[in-house]
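Let me begin by presenting the structure, written as structure tokens, before commenting on it.
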Amino acid sequence: MSKNTFKVKVRKNIIEITDKDYKAAGGQAAVYCIKDTAYKIYHDPSRMIPEAKIQELAILNRQNILGPKDVVYDFKSGKPLGFTMPYISDTEFLCKIFTKNFRDDNNLSPQDIISLITNMQKTLEYIHSEKILVVDYNEMNFLLTSDFKNVCHIDVDSWQTKNFPASALMESVRDRKGPKGKFSELTDWFSFAVVTFQMYVGIHPYKGFHPKFGPAEWSKRMDQGISVFEKGVQLPAACQDFSVIPPKHLDWYKEIFVKGDRSIPPYADSVAINAAAGRIVTSKGQFVVEYLGEYKSPVKKMYFFDSKRYVITNDGIYRGEDQVTKFEKTADKASYALCDVFAEDPLIVRFYKGHVSFFDLSKNIIETIPAEHVFSANGQIYVVFSGEIIEHSFERLGRLLHMTKVVSSLCPSYKVFPGVVVQDDFMKCHLVIPYGKSLCANVHIKELDGHRIIDARANGRVCVLFGEKAGEYFNFVLLFDKIFSTYTFWSEKTDLHEINFVALPNGINVLADNEKVVVFSDLKNRKDFMNAPINASTRLFNEGMTVLSVDDNKIYKVKMS
């Protein structure tokens, strides 16, 4: 990481900014954060937004609007370098809430979604009351707070004020009804409709399968007003049914997307969600599906230790079909995993409010330690704390021994995902992947530099990432050698979806998205299978060479004919 320290002046205060304060960077500026304040420092100060615009935006006074507040000046020259903004830590990109498994993993109910949308609606009304337009109201300009109770607005400096026009607009939220480049409160509400529809259903209102348009022709459908409500449009299986949309909002969406009307939305009314019977996955195309069984509540995670299957559901932990641990109702916001112990039952790992606790299956506590993040890989548990990744393993030598080892240090800006930590080292993307006991790779992936990584997952020698750049989404797949020193790389443009893949011991990998299943042992000889029974939301696991698929609470075995 580059070494850099500089002083700035904000009002009458002198602030020293160092590399450890770095959080993110883009083509125009870098962002540094100290406590609850972010400092946006332009690479080229001449490209900074006018101080008068900062003053016009500074009137916005809501905690979830992370907009410019004060001008930041160079301590020595006194010239403006950027501006300050409020900072909130431990956030997620709003678009992650579009996916079914993210909602399920975080126990987000339809009412939780309604509450978030109501919050966004009230915030947009407030912005308009101050005679300001958002214009670029797209899903990447919002962050979810860690408790999933609030939506924060970012990139506020691009908004349109009385004397300064908007400076950005993503095509996927641009209203086609009015003249290009002309914006109003109603164009904002159209964009609000596009984003919130995705929060309810999980798909852009002008996407889905249409017999006359290809998957990449959604912009043409927006031009022609051909939405998901059009006859003949089919939604991916991972999407929510329209029944999750409150009736008042559903009617308003039809007025916007079908009739082409423009109006301010009503507030959402309540929605009655009946318990769905759940779909039955059956053989399809070249895939043979065998039903294995089901549990009382949705399956969250699955492990295969010492020839036994362990399953974590909403209500507890199962060994095979037998429940061995029951969760308390108050524990639904905690995160659970299992840690392998040689020749014994695994340990329960519970992460909640900054601490990780280890229990046996009878819920006898072994130890509790502080933790900022927790993830599992190769049967081991890894705790992120104070800028380090610490491997935790257990072994029975008369008594149960708890062994720890620091396997990697982290740069200040990072994000933890299943099996991998993604680091942003001044716009250079580094992946930290534990790939065996006491073994950890730290690899710079130049192809990912400058992308915003939304989701990632590592398993075996494969790492799959989902990212965004300049308003376009990409799938990235990396296949490493056995010691993670080299890799092959494949990418494709795609729609937003969950990462769902499994790596088998023989080197065969199975990757599922909303359109196809990709099978490969090397990335140059991939095989794509359309019309498959599994998709991005049917979680894939493996027991040795057997591929298992989970759909809600049901488990299936999947093989090719």
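Scan the strands (runs of 3 or more DSSP E) fully inside segment 356-446 and keep the ones with 2 or more residues being more than 30 Å from Thr325 (Cα to Cα) and not assigned by TED's automatic domain parsing to the domain that holds Lys23. Give the steps one after another, and end with the answer.
On the way: elements: 365-370, 373-377, 380-385, 388-397, 399-409, 414-417, 420-425, 428-436, 439-444.
Output list reads 399-409, 414-417, 420-425, 428-436, 439-444.
Name the residue that is farthest from Leu540 (Cα to Cα), counting only residues in segment 400-420 that are touching a residue at least 40 places away in the same chain (Cβ under 8 Å) and among the β-branched types (Val, Ile, Thr).
Val416
Quick check: is even one residue across segment 142-149 acidic (Asp, Glu), in a loop (DSSP other than H, G, I, E, B) and surrounded by 19 or more Cβ atoms within 10 Å (Cβ to Cβ)?
Our first condition is that a residue be acidic (Asp, Glu); within segment 142-149, this holds for 147.
This time we only want the ones that are in a loop (DSSP other than H, G, I, E, B), so: 147.
So of that shortlist, the ones also surrounded by 19 or more Cβ atoms within 10 Å (Cβ to Cβ) come out as none.
Scanning segment 142-149 turns up no residue that is acidic (Asp, Glu), in a loop (DSSP other than H, G, I, E, B) and surrounded by 19 or more Cβ atoms within 10 Å (Cβ to Cβ).
Is it the case that some residue within segment 139-151 is among the hydroxyl-bearing types (Ser, Thr, Tyr) and within 19 Å of Arg452 (Cα to Cα)?
Keep residues of segment 139-151 that are among the hydroxyl-bearing types (Ser, Thr, Tyr), which gives 145-146.
Remaining after also requiring within 19 Å of Arg452 (Cα to Cα): 145-146.
The answer is yes; a qualifying residue exists.
Just to check your reading of the model, which residue among Pro246, Pro265, Pro205 is modelled with pLDDT of 95 or more and not assigned by TED's automatic domain parsing to the domain that holds His128? Spell out how you get there, then give the answer.
Values: Pro246 fails: not assigned by TED's automatic domain parsing to the domain that holds His128; Pro205 fails: not assigned by TED's automatic domain parsing to the domain that holds His128.
Checking each option against the conditions leaves just Pro265.
Tell me, yes or no, whether segment 87-96 has at least one residue that is on the phi > 0 side of the Ramachandran plot, at pLDDT below 95 and out of contact with any Leu (no Cβ under 6 Å at 6 or more places or on another chain). Write out each step before concluding.
First, pick out the residues of segment 87-96 that are on the phi > 0 side of the Ramachandran plot: 90.
Subsequent filtering for residues that are at pLDDT below 95 retains 90.
This time we only want the ones that are out of contact with any Leu (no Cβ under 6 Å at 6 or more places or on another chain), so: 90.
Yes, segment 87-96 has at least one match.
Within segment 520-541, work out how many residues are assigned to a strand (DSSP E or B) and buried (at least 19 other Cβ atoms within 10 Å of the Cβ). Reasoning before the result, please.
Kept after step one, since they are assigned to a strand (DSSP E or B), are these residues of segment 520-541: 520, 527-530, 539-541.
Next cut, buried (at least 19 other Cβ atoms within 10 Å of the Cβ) only: 520, 539-541.
Residues flagged as assigned to a strand (DSSP E or B) and buried (at least 19 other Cβ atoms within 10 Å of the Cβ) within segment 520-541 amount to 4.
Hey, Ile264 hits all of (1) exposed (fewer than 15 other Cβ atoms within 10 Å of the Cβ); (2) in a helix (DSSP H, G or I) but one; which does it fall short on?
(2)
In segment 447-464, how many residues are more than 16 Å from Met140 (Cβ to Cβ), assigned to a strand (DSSP E or B) and among the aliphatic types (A, V, I, L, M)?
Here is the first cut: in segment 447-464, the residues more than 16 Å from Met140 (Cβ to Cβ) are 447-449, 456-464.
Next cut, assigned to a strand (DSSP E or B) only: 456-459, 462-464.
Next, from what is left, pick out any that are among the aliphatic types (A, V, I, L, M): 456, 458, 462, 464.
The qualifying residues number 4.
Using the structure shown, decide if Ala458 is modelled with pLDDT of 95 or more, small (Gly, Ala, Ser) and either over 22 Å from Gly202 (Cβ atoms) or surrounded by fewer than 16 Cβ atoms within 10 Å (Cβ to Cβ) (or both).
Details: modelled with pLDDT of 95 or more: yes; small (Gly, Ala, Ser): yes; either over 22 Å from Gly202 (Cβ atoms) or surrounded by fewer than 16 Cβ atoms within 10 Å (Cβ to Cβ) (or both): yes.
Taking the combined requirement at face value, the residue satisfies it.
Listed residues Lys482, Lys493; which is part of a strand (DSSP E or B) and surrounded by fewer than 19 Cβ atoms within 10 Å (Cβ to Cβ)?
On the way: Lys482 fails: part of a strand (DSSP E or B).
Only one candidate qualifies: Lys493.
Considering only residues that are basic (Lys, Arg) and within 26 Å of the chain's Cα centre (by Cα), look in segment 281-311 and name the one that is farthest from Asn378 (Cα to Cα). Reasoning before the result, please.
Of the residues in segment 281-311, the ones basic (Lys, Arg) are 284, 296, 300-301, 308-309.
Of the ones still in play, those that are also within 26 Å of the chain's Cα centre (by Cα) are 300-301.
Values: Lys300: 18, Lys301: 14 Å.
Among residues in segment 281-311 that are basic (Lys, Arg) and within 26 Å of the chain's Cα centre (by Cα), the one farthest from Asn378 (Cα to Cα) is Lys300.
Of everything in segment 189-237 that's among the β-branched types (Val, Ile, Thr) and outside any loop (DSSP other than H, G, I, E, B), which residue is nearest to Ala532 (Cα to Cα)? Talk me through it step by step, then tell me what you get.
We begin by selecting, within segment 189-237, every residue among the β-branched types (Val, Ile, Thr); these are 194-196, 201, 203, 226, 228, 233.
Next, only the ones that are outside any loop (DSSP other than H, G, I, E, B) stay: 194-196, 201.
Numbers: Val194: 29, Val195: 28, Thr196: 29, Val201: 21 Å.
For segment 189-237, the residue satisfying everything is Val201.
Tyr303: closer than 21 Å to Asp551 by Cβ, modelled with pLDDT of 95 or more and touching a Leu at 6+ places or on another chain (Cβ under 6 Å), yes or no? If you could, list the steps in order and put the result at the bottom.
On the way: closer than 21 Å to Asp551 by Cβ: yes; modelled with pLDDT of 95 or more: yes; touching a Leu at 6+ places or on another chain (Cβ under 6 Å): yes.
Answer is yes for this residue.
Counting just the residues of segment 341-355 that are part of a strand (DSSP E or B) and within 20 Å of Phe327 (Cβ to Cβ), which one comes out farthest from the chain's Cα centre (by Cα)? First the steps, then the outcome.
If we filter segment 341-355 for residues that are part of a strand (DSSP E or B), which is where we start, we get 341, 347-352, 355.
If we keep only those that are within 20 Å of Phe327 (Cβ to Cβ) as well, we get 347-352, 355.
Values: Leu347: 28, Ile348: 25, Val349: 22, Arg350: 21, Phe351: 19, Tyr352: 19, His355: 22 Å.
Among them, the one singled out is Leu347.
The values are calculated or read from the model by the stated rules, or taken from the named source; none is laboratory data. Note that the structure is a prediction, hence the values are computed from the model and not measured. No Cβ is skipped: glycine too gets one built from the backbone with ideal geometry, and neighbour counts run over all protein chains shown.
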